[in-house]
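What follows is calculated from the coordinates using simple rules that are stated; it is not laboratory data. Computed from a predicted structure; not experimentally measured. Heads up, the Cβs are rebuilt from the backbone with ideal geometry, glycines too, and the neighbour counts pull from every protein chain shown.
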Amino acid sequence: MLMPKKTKYRKQQRGSRKGLSKGCRTVAFGEYGLEVVDPAWVTAQQIESIRVTMARKLKKEGTFFLRLFPDKPVTKKPAETRMGKGKGNPEVWVAVAKRGRVICELGGVTEANARLIFGIVKSKLPMKTKFVKRELQVQVEQQIQNEQEVMQ
């Protein structure tokens, strides 16, 4: 399973999933991507199942890029334990996926094949996602820049 080799602190606070993603908002490596619509935590097991699915469906035809890494520990206390006595031990590693983040990309495949593969990948994720293309994002970025120039 994916997990960091070393962390500064063993335990983290839960944090916030509100707002837009700070980075990874465009398709950078492939031609097609899967963008997050609803925020969620994606566990290391879910990321691994995505990786295995994409590798099996591509069959050496194209390339895929995973842009998630589980770097947040989630702690759990043992079952039937009384309250108090500190925080539980880290059990699961998760990646925080906020709205607008492109979590995986495909390159070197047709659009129909990419939609088919991402359809299978969507079913393994705990959130809503949408299919995005590289060209559409360039047009959207140009529109945003034009609107900002008009406002100034």
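Once you reduce the stretch 28-44 and the stretch 49-127 to the center of their Cα atoms, the two points are 8 Å from each other. Once the Cα-Cα distance is subtracted from the 0.36 nm per residue extended length, the Lys85 to Lys8 segment shows a gain of 25.4 nm.
Judged by the gyration tensor of its Cα atoms, with axes a ≥ b ≥ c, the stretch 86-152 is oblate; a/c meets the 1.5 cut and b/c is at least as large as a/b. Once the Cα atoms are used to define both axes, helix 44-58 deviates from the longest principal axis of the chain by about 30 degrees. Rounded to the nearest 20, the Cβ-based charge dipole of the stretch 1-62 about its Cα centre (Lys and Arg +1, Asp and Glu -1) stands at 520 debye. The GNM of the chain, with springs linking C-alpha atoms under 10 angstrom apart, assigns the highest mean-square fluctuation among Gln46, Gln13, Gln142 to Gln142. Each of Thr110, Pro126, Gln152 was placed along the dipole of the chain (beta-carbon charges, centred on the mean Cα), and the one lying farthest toward the positive end is Pro126. Compute the Cα gyration tensor for the stretch 13-57, then decide on rounded, prolate or oblate, letting a ≥ b ≥ c be the square roots of its eigenvalues: rounded whenever a/c is under 1.5, prolate when a/b is larger than b/c in the other cases, and oblate in all that remain. Verdict is oblate for the stretch 13-57. The amide H of Val94, built 1.01 Å from its N in the peptide plane, has Asp71, Lys72, Val74 as neighbours under 5 Å, considering only residues 5 or more places off or on other chains. The charge dipole of the chain, taken about its Cα centre with unit charges on the Cβ of Lys, Arg, Asp and Glu (plus for the first two, minus for the last two), comes to roughly 1120 debye. Cβ crowding within 10 Å ranks Val37, Val150, Val42, Val92 as Val150, Val37, Val92, Val42, fewest other Cβ atoms first. Applying a threshold of 30 Å to the alpha-carbon distances of Lys8/Lys59; Lys72/Lys130; Lys8/Lys60 flags Lys8/Lys59; Lys8/Lys60 as lying beyond it. The angle between the Cα long axis of helix 111-122 and the main principal axis of the chain comes to about 20°, on a 0 to 90 degree scale. Tell me the angle of helix 134-151 to the major Cα principal axis of the chain, expressed in degrees between 0 and 90 and rounded to the nearest ten. Orientation of helix 134-151: about 90 degrees from the principal axis. For the stretch 58-108, GluC sites (Glu not before Pro) are listed when DSSP marks them as loop and at most 16 other Cβ atoms sit within 10 Å of their Cβ; the list is Glu61, Glu80.
Which loop trypsin sites (Lys or Arg not before Pro) in the stretch 41-78, with loop taken from DSSP, have no more than 16 other Cβ atoms within 10 angstrom of their Cβ? For trypsin sites (Lys or Arg not before Pro) across the stretch 41-78 that sit outside H, G, I, E and B with at most 16 neighbouring Cβ atoms in 10 Å, the list reads Lys59, Lys60.
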